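Below is the structure I would like to discuss, written out as structure tokens.
The values are calculated or read from the model by the stated rules, or taken from the named source; none is laboratory data. Just so it is clear, the model here is predicted, and its values are computed rather than measured. In this analysis, Cβ positions are derived from the backbone assuming ideal geometry, glycine residues included, and neighbour counts consider all displayed protein chains.
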Amino acid sequence: MTLVRDLISQGLQMLLVLLLAPLLTGFIRKLKARLLRRQGPPLLQPYRDLIRLMRKDVVLAETASWLFRVIPYIIFAGTWIAASLVPTFGSGLLFSWSADLIAIIALLGSARFFLALAGMDVGTAFGGIGSSREVMIASLAEPAILITVFAVAMIAGSTQLSTIAEYMGSSAVGLRVSLGLALVALIIVAIAENGRIPVDNPATHLELTMVHEAMVLEYSGRHLALIDLSSQLKLLLYVSLIACMFMPWGAAEPRAGDLALAIGALTYIGKLLACGILLAVFETSIAKMRVFRIPEFLGAALMLALLATLLRFVSGSL
Amino acid sequence: MMQAALWSVAMLLALAPAGIALSMWKHGSAMLYGACLLVSSALAAIALLNLLDPSHPVLDATLPIGLPWLGAHFRIDPLAAFFLAVVNLGGAAASLFALGYGRHEEAPGRVLPFYPAYLAGMNIVVLSDDAFSFLVAWEFMSLTSWALVVSHHREAENVRAGYIYLLMAGFGTLALLLAFGVLAGNGQYDFAAIRAGHRSADVASAVLLLTLIGAGSKAGLVPLHAWLPLAHPAAPSHVSALMSGVMTKVAVYGFVRIVFDLLGPPEWWWSMVVLAVGAPSATLGVLYALMQRDIKRVLAYSTIENVGIVFVGLGLALAFRAGAMNSVAALAFTAALLHVFNHAAFKSLLFFGAGSVLNATGERDMEKLGGLIRRMPKTAVAMLVGCVAISALPPFNGFVSEWLTFQAILLSPQLTSWGLKLIIPAVGALLALAAALAAACFVKLFGVSFLGRARMPLAAGAQEVDRFSLAAMFALAALCLIAGIFPGPFIDAVAPVARTMVGNSMPHQTSMEWLTIVPIAESRSSYNGLLVFTFVLLSASIASIAIHRFASDRLRRAPAWDCGYPDPNPAIQYTADSFSQPVRRVFGTLIFAAREIGEMPPPGSAAPARLTVETRDLIWRALYAPIGQAVAFATERINILQFLTIRRYLSLVFAALVLLLLVLAI
């Protein structure tokens, strides 16, 4: 009986992240538009876009190989699985032990590896520029997030996300300098990984500084829909990650009752809204960076994360 | 079993002279490689049977050859069995690949005799149980591989590679010779006596440093790596695979045998030295790899990276062992050995792929390839698996060993030494950086050579390679996947080695629920490759079926969009150099002293603009060039001695005699 319940809860989580991801993106877009005194697209526009794209024909470049057609599914599956393994409304999901935090990050790494390959597949200059910049950003962002994970994992004594979430929710944590540094590093990485301003601009298309959009330039129809959905899922994943590690309030305990689950779900939506508002305000108040300023931005994240880890090594209480 | 192993090695040695005769005959190379395949498979089977036998028998034998009062001792213990398995699985795969690849050899007489001898040399190093046979086999392995490196001796580059390799190999053996000399202070050269002997802390530390130099130079640790990216690509591709995938592992074996087995309990600062060499090797190796455009050279530099990762694991194991935390030491040690196995698998696979590309196009330069996924679809699939595996991405095997190494790093705050507490976070950061850069490096390798459009007509007309080469590649690709989704049995196979070397082993993994791997406790960390792989596969298929069924499955082909400016000229594609340009700008100015010089023609001139990029190998300039200059300077001075009259020579002889007698008298 508990197994069935756990399975349902895990299945719910998978559906929840899939359904919420476009909404989060729509919310941020709407909010950004309102902050700029524009009307903005309706909240549900991302869903409409996805459905419309899925119904359209795929126009495939003549030089595209079979890999180009397979990659959207790989990216989507990898990101979806990674997003469903991050606790959202409650910790202690059925399959949360199948991949710890390092494995989740590596799973996102796999998705990026294939996305960068897709950029190179058609053999255009735009795809190449996108891929080469993406791997440059990743080569700094990935170590930064791994070291952040090290810092958090050493404090919580585990790389298991549900254990970390429970530990962070308990009173044993207290205020720690290293956690603060880790949070800043994680936010910087999250901004870079999701291609938000100031690293990349998700709204532009024809700009020489673009990264993500350049890689997916040749995609159309259902392939593009899947890739869009994957990047929405990735944004949701990072927000959930920050929420579950640094805002663990209200999340349901493992094997909690229906009421706790409902409270967990409500607080989770509250956290998403809060992070969305912060992101929208941040993005409207800052300009995009030049590409070669990005390494400095990410290097700062790497150093902060390293400092957090070092503090943990030096003293157990910092 | 021991007899069977020794007879197999003897057969390999016997195949060497047979190779001379076989090289004259049309089907000779197939015969020879077939025989090598059989013998290597037999040896691999012996090693695996020994390793998986629950009683872990230790076999030994003594042959009346070598030094008359010593004889040649041979022994198979779990450590030797593990490396014997790695050597011979690699050897068997390379022989299978060569069944097809070797047919294209222009001068088979230069390869065939040395190939089995080289395999035999590596086997004897692993089997030998006394210092004399170990060193003789080590040098034999170096010399036969040198002969294979210069087998295409008409290219000036290969001759230079061979020369530098010979120098460095000699230097490495010298260091090992001194290490054994110090170890066997009482004149007892068999390993059992060395193991039983006691030595002071200073002597033991000297041995550690000498071993790190000797084995490290063969394994390619920075800064002793300079020969590796020259020599490994110069050999025929199946030999490159053996040198990179297997011989560096024999060097790791030498290090483990001496430091973990013969030397006794470690001092705490040994691990600092090993970590301080291993972690920079990992990062620098992959950064160098990222700057290359020759496929085989990329792979050779990436070997330096992976050897660095192995040495980080070994260094952590030393640290935990010195801190009397044997169960964590076992975790780090297992991670290192698992990476040894994994790297042997995917690096051999990638070199086979590079060899296939070389065969099909005659080109190693990525900038002239492109679009090979259409011309060589099967090679491309195998290469893709190798690239994902070496980038340490799930669900393949490279991820498992790096994940275990990270888990060991996460346990290191428990260490008491302050030096280690400060160095290990940096090691972790360097390792994470290396993992991310490796992914960039292999996106570039696969993307530039296999994807996109063909840049040269040769690449456009490439043909898929023969079925033996494909069989070897797919066997290794399957191994990479299996070791990635079922890592439990592989970790358990390493357990007896860890028990004999660090006194403990990881918990039994195959008995865990759902075949999850759990290094310490499930609440701490766990990873299940099988479930992750199944989930990804399932959700990808569900998404694909659902979309094709309910939304749209129509597809049209059209010219590339490219923002409305598609250019049919393949030269507009990103090349290997342009792909690595952002990374070069971020890391290169510091590490390679990279400079970009743009030359713009004056207004009105029709001359093309030029961009020149200069990168310099700072290690070569700081370490190797001065030594070379000093040697050249000294030889020029001593050169006078060649042109003396007989009278002067006689007086020199007299003076030397008097000097020696004086030394004796005093």
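Which members of the stretch B:514-529 meet the condition of being more than 28 Å from B:Leu84 (Cα to Cα) and within 9 Å of chain A (Cβ to nearest Cβ)? Give the derivation first.
Of the stretch B:514-529, the ones more than 28 Å from B:Leu84 (Cα to Cα) are B:514, B:520-528.
Answer for the stretch B:514-529, where residues must be more than 28 Å from B:Leu84 (Cα to Cα) and within 9 Å of chain A (Cβ to nearest Cβ): B:Trp514, B:Ala521, B:Glu522, B:Ser523, B:Arg524, B:Ser525, B:Ser526, B:Tyr527, B:Asn528.
Continuing with this model, one more query. Checking the structure you have, find out if any residue of the stretch B:410-423 is within 8 Å of chain A (Cβ to nearest Cβ), hydrophobic (A, V, I, L, M, F, W, C) and in a loop (DSSP other than H, G, I, E, B).
There is no residue in the stretch B:410-423 that is within 8 Å of chain A (Cβ to nearest Cβ), hydrophobic (A, V, I, L, M, F, W, C) and in a loop (DSSP other than H, G, I, E, B).
Still on this model: Would it be correct to say that B:Ala179 is in contact with a Ser or Thr (Cβ under 8 Å, 6 or more places away or on another chain) and modelled with pLDDT of 90 or more?
Values: in contact with a Ser or Thr (Cβ under 8 Å, 6 or more places away or on another chain): yes; modelled with pLDDT of 90 or more: yes.
In short, yes.
Mind checking which residues of the stretch B:369-388 are closer than 21 Å to B:Arg293 by Cβ and in a helix (DSSP H, G or I)? Show your work before the answer.
Going residue by residue through the stretch B:369-388, those that are closer than 21 Å to B:Arg293 by Cβ are B:369-373, B:375-376, B:379-380, B:383-384, B:386-387.
Within the stretch B:369-388, B:Leu372, B:Ile373, B:Arg375, B:Thr379, B:Ala380, B:Met383, B:Leu384, B:Gly386, B:Cys387 meet the criteria.
Looking only at residues in the stretch B:578-592 that are more than 8 Å from chain A (Cβ to nearest Cβ) and assigned to a helix (DSSP H, G or I), which one is surrounded by the fewest Cβ atoms within 10 Å (Cβ to Cβ)?
If we filter the stretch B:578-592 for residues that are more than 8 Å from chain A (Cβ to nearest Cβ), which is where we start, we get B:584, B:587-592.
Next, only the ones that are assigned to a helix (DSSP H, G or I) stay: B:584, B:587-591.
On the way: B:Arg584: 22, B:Phe587: 23, B:Gly588: 21, B:Thr589: 13, B:Leu590: 9, B:Ile591: 18.
Per the stated criteria, the residue is B:Leu590.
Moving to a separate point now. Answer yes or no: is there a residue in the stretch A:75-87 that is closer than 19 Å to B:Pro394 by Cβ, within 22 Å of the chain's Cα centre (by Cα) and not in a helix (DSSP H, G or I).
So the first thing to find is which residues in the stretch A:75-87 are closer than 19 Å to B:Pro394 by Cβ, and the list is A:75-86.
Adding the requirement that they be within 22 Å of the chain's Cα centre (by Cα) leaves A:75-86.
Those still in the list that are not in a helix (DSSP H, G or I) too: A:86.
For the stretch A:75-87, residues closer than 19 Å to B:Pro394 by Cβ, within 22 Å of the chain's Cα centre (by Cα) and not in a helix (DSSP H, G or I): present.
Conditions (1) out of contact with any strand residue (DSSP E or B) (no Cβ under 8 Å at 6 or more places or on another chain); (2) in a helix (DSSP H, G or I); (3) more than 9 Å from chain B (Cβ to nearest Cβ); (4) over 28 Å from B:Pro582 (Cβ atoms), marked per residue:
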| site | (1), (2), (3), (4) |
| --- | --- |
| A:Lys271 | yes, yes, yes, yes |
| A:Leu302 | yes, yes, no, no |
| A:Phe313 | yes, yes, no, yes |
| A:Gly316 | yes, no, no, yes |
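Continuing with this model, one more query. Take the residues in the stretch A:203-246 that are more than 14 Å from every other protein chain (Cβ to nearest Cβ) and surrounded by fewer than 19 Cβ atoms within 10 Å (Cβ to Cβ); name whichever of them is nearest to B:Trp561 (Cα to Cα). Explain how you work it out, then say what you get.
If we filter the stretch A:203-246 for residues that are more than 14 Å from every other protein chain (Cβ to nearest Cβ), which is where we start, we get A:203, A:212, A:231-232, A:234-246.
Now narrow it down to the ones that are surrounded by fewer than 19 Cβ atoms within 10 Å (Cβ to Cβ): A:203, A:242, A:246.
Values: A:Ala203: 19, A:Ile242: 38, A:Phe246: 43 Å.
Checking each candidate, the answer is A:Ala203.
Now for a separate question. Which condition breaks for B:Pro608 when tested against (1) within 30 Å of B:Ser580 (Cα to Cα); (2) part of a helix (DSSP H, G or I)?
Exception for B:Pro608: condition (2).
Among the residues of the stretch B:9-52, which ones are among the polar types (S, T, N, Q) and modelled with pLDDT under 95?
First, pick out the residues of the stretch B:9-52 that are among the polar types (S, T, N, Q): B:23, B:29, B:40-41, B:50.
Passing the criteria: B:Ser23, B:Ser29, B:Asn50.
If I filter the stretch B:194-225 down to residues being charged (D, E, K, R) and in contact with a helix residue (DSSP H, G or I) (Cβ under 9 Å, 6 or more places away or on another chain), which single residue comes out as farthest from B:Gly313 (Cα to Cα)? Give the steps one after another, and end with the answer.
Filtering the stretch B:194-225 down to residues charged (D, E, K, R) leaves B:195, B:199, B:202, B:218.
In the following step, the residues that additionally are in contact with a helix residue (DSSP H, G or I) (Cβ under 9 Å, 6 or more places away or on another chain) were identified as B:195, B:199, B:218.
Details: B:Arg195: 23, B:Arg199: 26, B:Lys218: 18 Å.
Here the answer is B:Arg199.
Could you say whether any residue in the stretch B:348-367 is surrounded by fewer than 24 Cβ atoms within 10 Å (Cβ to Cβ), within 14 Å of chain A (Cβ to nearest Cβ) and in contact (Cβ under 8 Å) with a residue 60 or more places away in the chain? Explain how you work it out, then say what you get.
If we filter the stretch B:348-367 for residues that are surrounded by fewer than 24 Cβ atoms within 10 Å (Cβ to Cβ), which is where we start, we get B:358-360, B:362-365, B:367.
With the extra rule that they be within 14 Å of chain A (Cβ to nearest Cβ), the set shrinks to B:367.
Pick out the ones that are also in contact (Cβ under 8 Å) with a residue 60 or more places away in the chain and you get B:367.
Yes, that holds for at least one residue.
Taking the residues in the stretch A:97-150 that are touching a Leu at 6+ places or on another chain (Cβ under 6 Å) and hydroxyl-bearing (Ser, Thr, Tyr) as candidates, determine which candidate is farthest from B:Leu290 (Cα to Cα).
That would be A:Ser98.
Has the stretch B:238-246 got any residue that is over 15 Å from B:Gly315 (Cα atoms), assigned to a loop (DSSP other than H, G, I, E, B), in contact (Cβ under 8 Å) with a residue 12 or more places away in the chain and not charged (D, E, K, R)? Give the steps one after another, and end with the answer.
From the stretch B:238-246, those over 15 Å from B:Gly315 (Cα atoms) are B:238-246; that's our starting set.
When the remaining residues are screened for being assigned to a loop (DSSP other than H, G, I, E, B), the result is none.
No.
Can I ask one more? In the stretch A:17-56, what residues are surrounded by fewer than 19 Cβ atoms within 10 Å (Cβ to Cβ), touching a residue at least 60 places away in the same chain (Cβ under 8 Å) and away from chain B (no Cβ under 14 Å)?
Matches in the stretch A:17-56: A:Leu35, A:Leu36.
Which one of these does B:Ser449 not meet: (1) under 21 Å from B:Leu314 (Cβ atoms); (2) over 19 Å from the mean Cα position of the chain (by Cα); (3) small (Gly, Ala, Ser); (4) more than 9 Å from chain A (Cβ to nearest Cβ)?
(1)
Can you confirm whether B:Ala498 is more than 10 Å from every other protein chain (Cβ to nearest Cβ) and touching a residue at least 40 places away in the same chain (Cβ under 8 Å)? Before you say what the answer is, go through the steps one by one.
Details: more than 10 Å from every other protein chain (Cβ to nearest Cβ): yes; touching a residue at least 40 places away in the same chain (Cβ under 8 Å): yes.
Judged against the criteria, B:Ala498 is a match.
Can you tell me which residues in the stretch B:551-577 are at the interface with chain A (Cβ under 7 Å from one of its Cβ atoms) and assigned to a helix (DSSP H, G or I)?
Matches in the stretch B:551-577: B:Ala551, B:Asp562, B:Cys563, B:Pro570, B:Ile572.
Checking the conditions here, which among B:Leu212, B:Leu208, B:Leu230 is closer than 24 Å to B:Leu284 by Cα, out of contact with any Leu (no Cβ under 9 Å at 6 or more places or on another chain) and assigned to a helix (DSSP H, G or I)? So that I can check it myself, show each step before the final result.
Details: B:Leu212 fails: out of contact with any Leu (no Cβ under 9 Å at 6 or more places or on another chain); B:Leu208 fails: out of contact with any Leu (no Cβ under 9 Å at 6 or more places or on another chain).
The unique qualifying residue is B:Leu230.
Moving to a separate point now. Taking only pairs six or more apart or across chains, which ones have beta-carbon atoms under 6 Å, a first residue in the stretch B:593-609 that is surrounded by 11 or more Cβ atoms within 10 Å (Cβ to Cβ), and a second residue that is charged (D, E, K, R)?
As it stands, the answer is B:Ala593/B:Arg616; B:Ala594/B:Arg584; B:Arg595/B:Glu614, since those pairs meet every condition given.
Would you be able to tell me the number of residues in the stretch B:428-476 that are part of a helix (DSSP H, G or I) and either surrounded by 24 or more Cβ atoms within 10 Å (Cβ to Cβ) or small (Gly, Ala, Ser) (or both)?
The initial filter retains those residues of the stretch B:428-476 that are part of a helix (DSSP H, G or I), namely B:428-450, B:457-460, B:467-476.
With either surrounded by 24 or more Cβ atoms within 10 Å (Cβ to Cβ) or small (Gly, Ala, Ser) (or both) added as a condition, the list becomes B:428-429, B:431-450, B:459-460, B:469, B:471-473, B:475-476.
Residues flagged as part of a helix (DSSP H, G or I) and either surrounded by 24 or more Cβ atoms within 10 Å (Cβ to Cβ) or small (Gly, Ala, Ser) (or both) within the stretch B:428-476 amount to 30.
Read through the list (1) buried (at least 24 other Cβ atoms within 10 Å of the Cβ); (2) more than 9 Å from every other protein chain (Cβ to nearest Cβ); (3) under 23 Å from A:Met303 (Cβ atoms), then give the number of the only condition that A:Ile145 fails.
Against the list (1) buried (at least 24 other Cβ atoms within 10 Å of the Cβ); (2) more than 9 Å from every other protein chain (Cβ to nearest Cβ); (3) under 23 Å from A:Met303 (Cβ atoms), A:Ile145 comes up short only on (2).
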